[in-house]
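The values are calculated or read from the model by the stated rules, or taken from the named source; none is laboratory data. Bear in mind that the values here come from a model prediction, so they are computed numbers and not experimental data. Here Cβ is always computed from backbone atoms with ideal geometry, including for glycine, and neighbour counts include all displayed protein chains. Note: accessible area is taken over every heavy atom of the protein model, side chains too, but ligands, DNA and RNA are not part of it. Shrake-Rupley method; radii C 1.70, N 1.55, O 1.52, S 1.80 Å.
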Amino acid sequence: MHQHFIHNEWTGQGETIDVIDPSTGAIYDTILRGTASDVDAAVASARKAFEGEFGQLTAAERGRLLMKLSAKLQEHSEELAQIEARDCGKPLKQARADAAAIARYFEFYGGAADKLLGTTIPYQNGYTVLCLREPYGVCAAIVPWNYPMQIFGRSVGGALAAGNTVVVKPAEDACLSILRIAELAREVGFPAGALNVVTGFGHETGAALVAHPGVDHVSFTGSPNVGKLVVQAAIENHTPVTTELGGKSPQIVFDDADLDAMLPVVVNAIVQNAGQTCSAGSRLLVQRGIYEKVIEQLSQRFAQLQVGSSQMDLDCGPLIRKSQQVRVKSFLDDAQKDGLTIAAQGKLAAGVPADGFYQVPTLVRDVPITHRLAQEEVFGPVIAAAVFDTEEEAIALANGTAFGLVASVWTRDGGRQMRVARKVKAGQVFINNYGAGGGIELPFGGYKASGHGREKGFEALYGFTQLKTIAMRHD
Ligand code: NAD
């Protein structure tokens with residue numbers, strides 16, 4: 001059984017939540033079901049650290065601490081990858097990439113900590129005006145189950161680099177890597193209270209955290225509906241919230257695209273993490289001149305895809321839980337009921353455990369923009385393809401959902417690349433490539449229902465600080 005990590009100690013008792021291996025459906029561990037008083041203790045610890053030892057560190061000292069954690073994470077990368085693979089059901093190669101990414105997050109934010117500068121403003125004669133970037137204080141980070149390590153890295157790395165202390169509420173479905181990382185942070189010398197982790201259900205532990213009057217900033221990554229609840233709860237205390245929500249991200253392919261470059265990227269962008277990626281390339285919009293050719297070549301690739309357990313380390317692992325498997329199937333059932341065509345599907349590999357939560361990658365063609373499959377986040381390895389004729393039509397389709405997280409444009413025409421990139425409403429647009437997950441150095445976040453604010457990159461540090469203007473009169 002895993003306890004909470006509060007003030008550099010394992011602590012807590014009471015009811016537990018089962019930890020299930022998505023590859024087999026078997027229970028193999030438990031975590032604590034955190035209560036409001038556990039949250040109180042974690043927030044008090046973070047406050048103490050902010051006003052005490054961690055808050056006294058210089059920016060350079062904070063940076064060095066984050067760098068030390070990065071080195072420690074690299075040392076333990078295989079162990080962390082194994083934990084994450086089993087907990088989330090990820091193929092090992094994906095979990096290894098996630099372990100490398102979290103080390104890079106702490107390296108990046110360690111390097112950034114002492115480069116977060118303020119500004120001066122030319123004002124009236126006899127004045128000097130300074131704008132200082134100050135940390136909020138206690139930051140809450142609500143993390144989903146799809147990339148626990150990576151999302152912890154970007155939210156917590158940025159918050160700590162900017163001088164805040166943190167209370168993390170990881171997802172009840174996958175949190176073991178985060179608990180291990182908290183312990184590694186203590187080993188490299190994080191002062192007690194700088195980083196606390198409280199496990200539990202979202203509607204209980206998460207809700208208590210975001211509504212807590214002692215929390216000064218909330219970073220929420222999760223679904224759009226829960227994002228709304230979090231904003232509503234936080235507003236009661238006027239607590240600012242960054243929301244990183246879902247997506248229905250389009251890849252727009254014009255007749256002159258380089259298909260050899262495009263096809264493997266399109267496959268990876270939907271198969272990665274079994275499609276359970278906020279920035280999954282879940283819609284494919286193709287110009288009429290090459291539509292049939294793209295569907296044919298993509299179908300051949302989909303037919304080769306193999307699904308298996310995390311340890312089998314194939315193209316695609318299981319979904320996170322049974323209810324997610326049922327939900328993804330409901331999209332495909334609706335597609336078939338509505339007369340849509342499944343162009344191709346991958347296959348379950350021989351020897352896949354019978355009780356895992358598997359779904360084979362699926363390509364559905366000619367999906368109207370009004371269909372549920374083109375509008376809602378499936379969060380499974382299902383891609384919806386549609387045809388377009390003109391550039392204007394492509395842009396209208398790309399912008400035709402509530403979301404606006406990531407998009408890509410595939411064409412050799414330089415003018416068209418930039419015209420389309422400028423008109424698509426998305427927080428990140430890739431040209432002739434696609435970065436599901438979006439790159440550690442690159443600001444990431446949504447337009448429209450995909451969220452508010454930016455994480456990743458240097459830009460994130462502005463979101464973890466508040467600006468104080470000091471106007472000094474000295475004439
Ligand atoms: P979710 O919204 O159900 O849960 C996310 C987290 O919020 C979990 O830790 C959960 O316990 C917690 N939570 C649930 N109810 C809460 C409440 N009332 N108050 C506070 N916290 C609460 O999402 P999920 O199913 O875990 O993750 C999948 C969703 O996350 C998808 O919609 C996906 O697109 C999105 N996501 C977005 C990004 C991004 O950066 N934009 C990244 C990853 C995932």
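Summary table
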read-out	value
Projected label distance in nm at Arg473 and Glu393, using a 7 Å step from Cα toward the beta-carbon	6.6 nm
Rough spin-label spacing in nm, given labels placed 7 Å along Cα→Cβ, for Trp10 and Thr58	3.7 nm
Between helix 259-271 and the chain: long-axis angle, C-alpha atoms, 0 to 90°, nearest 10	60 degrees
Potential lengthening between Glu459 and Glu51 on full extension [0.36 nm per residue; Cα-Cα distance subtracted]	144.3 nm
For segment 389-405, 3J(HN,Hα) per residue [Karplus equation, 6.51 cos²θ - 1.76 cosθ + 1.60, θ = phi - 60°, Hz, x = Gly/Pro]	9, 10, 4, 4, 5, 4, 5, 4, 5, 4, 8, x, 10, 6, 8, x, 9
For segment 315-434, share of DSSP beta bridges that run antiparallel, in % to the nearest 5	35 percent
C-alpha long axis of helix 176-187 to longest principal axis of the chain, angle in °	30 degrees
Where segment 313-389 is the region considered: accessible area per residue in Å², 1.4 Å probe	41 Å²
Under the Karplus curve 6.51 cos²θ - 1.76 cosθ + 1.60, θ = phi - 60°, whole-Hz ³J(HN,Hα) for segment 298-304, x wherever Gly or Pro sits	5, 4, 4, 5, 4, 4, 7
Solvent-accessible surface ranking, highest first, for Thr469, Thr199 at 1.4 angstrom	Thr469, Thr199
Sequence ranges 70-78, 155-163, 204-212, ranked by mean other-Cβ count within 10 angstrom, highest first	155-163, 204-212, 70-78
Within straight-line cross-link reach of Lys347, lysines at Cα separation under 18 Å, skipping those fewer than 8 residues along the same chain	Lys90, Lys329
Environment charge at Leu405 (Cβ cut-off 11 Å; Lys +1, Arg +1, Asp -1, Glu -1)	+1
Those aspartates and glutamates that a straight Cα-Cα span of less than 17 Å connects to Lys448, excepting residues fewer than 8 apart in one chain	Glu244, Glu376, Glu377
Computed [θ] at 222 nm, helices only, for the chain once each DSSP H run of length n ≥ 4 contributes -39500 (n - 2.57)	-12000 deg cm²/dmol
Alpha carbon Rg of segment 100-236, scaled by the compact-globule rule 2.2 N^0.38 Å	1.18
Ranked packing of 419-428, 89-98, most packed first, by mean Cβ within 10 Å	89-98, 419-428
Amide H contacts of Ala343 (H built 1.01 Å from N, under 5 Å, at least 5 apart or other chain)	Leu363, Val364, Arg365
Volume of the Cα convex hull of the chain, divided per residue and given in Å³	147 Å³
Around Gly34: net Lys/Arg minus Asp/Glu count, Cβ-Cβ under 14 Å	-3
Length-normalised contact order of segment 1-58 in % [C-alpha pairs under 8 Å, at least 6 apart]	30 percent
FRET E, pair Leu348, Glu236, Förster distance 56 Å, beta-carbon r, rounded to 0.05	0.75
Ranked order, Cys278, Cys175 - accessible area, probe 1.4 Å, largest first	Cys278, Cys175
D_trans [Stokes-Einstein, Kirkwood Rh over alpha-carbon pairs] for segment 250-369, 25 °C, 0.890 mPa s, µm² s⁻¹	163 µm²/s
5 angstrom amide H check on Gln466, placed H, neighbours 5+ away	Glu134, Tyr136
Within straight-line cross-link reach of Lys68, lysines at Cα separation under 21 Å, skipping those fewer than 8 residues along the same chain	Lys115, Lys456
Solvent-accessible area per residue for segment 1-97 (1.4 angstrom probe, square angstrom)	46 Å²
Projected-area mean, segment 382-475, by convex hull of Cα positions, square nanometres	9.7 nm²
Cα radius of gyration and Dmax for segment 99-175 (Å)	16.7, 59
Rounded percent of accessible protein surface that carbon and sulfur make up, the chain, 1.4 Å probe	52 percent
Under the Karplus curve 6.51 cos²θ - 1.76 cosθ + 1.60, θ = phi - 60°, whole-Hz ³J(HN,Hα) for segment 7-24, x wherever Gly or Pro sits	6, 6, 10, 7, 8, x, 7, x, 5, 10, 10, 6, 9, 10, 7, x, 6, 10
Pairwise centroid distance, computed over Cα atoms, of segment 390-405 with segment 310-347, Å	25 Å
Within segment 451-470, backbone nitrogen closer than 11 Å to the virtual label 7 Å beyond the Cα of Val129 toward Cβ	469-470
Whole-number percent relative contact order across the chain, with pairs defined as alpha carbons under 8 Å at least 6 apart	19 percent
Accessible-area value, Glu15, 1.4 Å probe, nucleic acids and ligands omitted, Å²	120 Å²
Net +/- balance of residues flanking Asp256 in space, Cβ distance below 9 Å, scoring K and R +1, D and E -1	-1
Chymotrypsin sites (Phe, Trp or Tyr not before Pro) restricted to segment 51-133 and DSSP loop, no more than 16 other C-beta within 10 Å	Tyr123
